[in-house]
1. Can you name every residue in region 138-158 that is among the charged types (D, E, K, R), free of Cβ contacts under 8 Å to residues at least 24 places away in the same chain and either part of a loop (DSSP other than H, G, I, E, B) or surrounded by 14 or more Cβ atoms within 10 Å (Cβ to Cβ) (or both)?
2. Check region 57-69 and report whether any residue there is of a type in the set (A, V, I, L, M, F, W, C), surrounded by 15 or more Cβ atoms within 10 Å (Cβ to Cβ) and outside any strand (DSSP E or B).
3. Could you please give the count of residues in region 159-169 that are surrounded by 15 or more Cβ atoms within 10 Å (Cβ to Cβ) and either among the aromatic types (Phe, Trp, Tyr) or closer than 27 Å to Asp138 by Cα (or both)?
4. Across region 39-50, which residue is farthest from the chain's Cα centre (by Cα) among those that are surrounded by 14 or more Cβ atoms within 10 Å (Cβ to Cβ) and among the aliphatic types (A, V, I, L, M)?
5. Please count how many residues of region 70-83 are part of a strand (DSSP E or B), free of Cβ contacts under 8 Å to residues at least 40 places away in the same chain and within 16 Å of the chain's Cα centre (by Cα).
6. If you go through region 125-137, how many residues are without any contact (Cβ under 8 Å) to a residue 40 or more places away in the chain and either surrounded by 16 or more Cβ atoms within 10 Å (Cβ to Cβ) or under 13 Å from the mean Cα position of the chain (by Cα) (or both)?
Amino acid sequence: MKRIVASITTFLALVMPTIALASNWSIDPDHTTIGFKVKHMMVSTVNGNFLKHTGTVTINDKDITKSRVEISIDTASINTNVAKRDEHLRSADFFDVAKYPAMTFVSKTVAKAGKGKLKVTGDLTLHGVTKEVVLTVDGPTRESKDPWGNLRRGATATTRINRQDFGLVWNKTLETGGVLIGNDIVIILEIEMIKDKDNTALLQQLK
């Protein structure tokens with residue numbers, strides 16, 4: 001048993017320098033907004049957001065291109081500040097939340113796109129359909145310590161999708177021409193992250 005513990009300890013000691021290059025962060029739902037914009041009747045813009053979401057970000061500060069993002073969004077938490085409209089959006093005409101309770105984004109590649117900017121390519125799964133999308137990212141910011149000792153970072157990400165690509169095709173034609181709801185959706189993520197604890201405690205337990 002001691003030999004097994006010693007082997008695990010040695011392995012962790014060897015890989016810890018590599019692990020130390022990457023830090024894990026949890027998205028803070030209380031200080032994160034995942035919103036969207038869509039045209040209504042081709043004359044105005046409706047804004048909405050999702051109130052419930054979770055996510056993790058692995059940031060490699062030595063090589064930012066080796067970072068990773070995973071986000072899950074509760075589709076039933078959609079909010080446009082109009083209860084009747086939100087209920088319609090939850091129905092089978094749109095998100096069909098009973099059948100598809102979550103949409104997810106999982107990154108595949110991260111590329112530098114200028115000073116303080118990134119292009120994050122990944123798979124967006126929505127309404128049972130998975131498509132590749134590209135997020136334009138400002139950040140992540142530098143670490144900042146809050147009054148309770150937690151380390152925090154932030155980032156802003158945007159992308160644009162066509163809802164019909166994900167099977168969200170419901171619409172109505174207007175008598176004056178055009179349609180009730182636009183197909184292009186602008187997605188905006190204002191993210192704040194909290195740094196997870198490191199593996200020091202695990203190493204102490206194994207000694």
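1. Once the filter is applied, which keeps residues that are among the charged types (D, E, K, R), free of Cβ contacts under 8 Å to residues at least 24 places away in the same chain and either part of a loop (DSSP other than H, G, I, E, B) or surrounded by 14 or more Cβ atoms within 10 Å (Cβ to Cβ) (or both), region 138-158 yields Asp138, Arg142, Asp146.
2. no
3. So the count comes out to 5.
4. Met41
5. The total comes to 5.
6. Looking only at region 125-137, we keep the residues that are without any contact (Cβ under 8 Å) to a residue 40 or more places away in the chain, and these are 125, 128-134, 136-137.
Filter again for either surrounded by 16 or more Cβ atoms within 10 Å (Cβ to Cβ) or under 13 Å from the mean Cα position of the chain (by Cα) (or both), leaving 125, 133-134, 136-137.
Looking only at that region, the number is 5.
Read the figures in this text as sums done on the coordinates, not as results from a lab. Everything quoted here is computed from the prediction, not taken from an experiment. In this analysis, Cβ positions are derived from the backbone assuming ideal geometry, glycine residues included, and neighbour counts consider all displayed protein chains.
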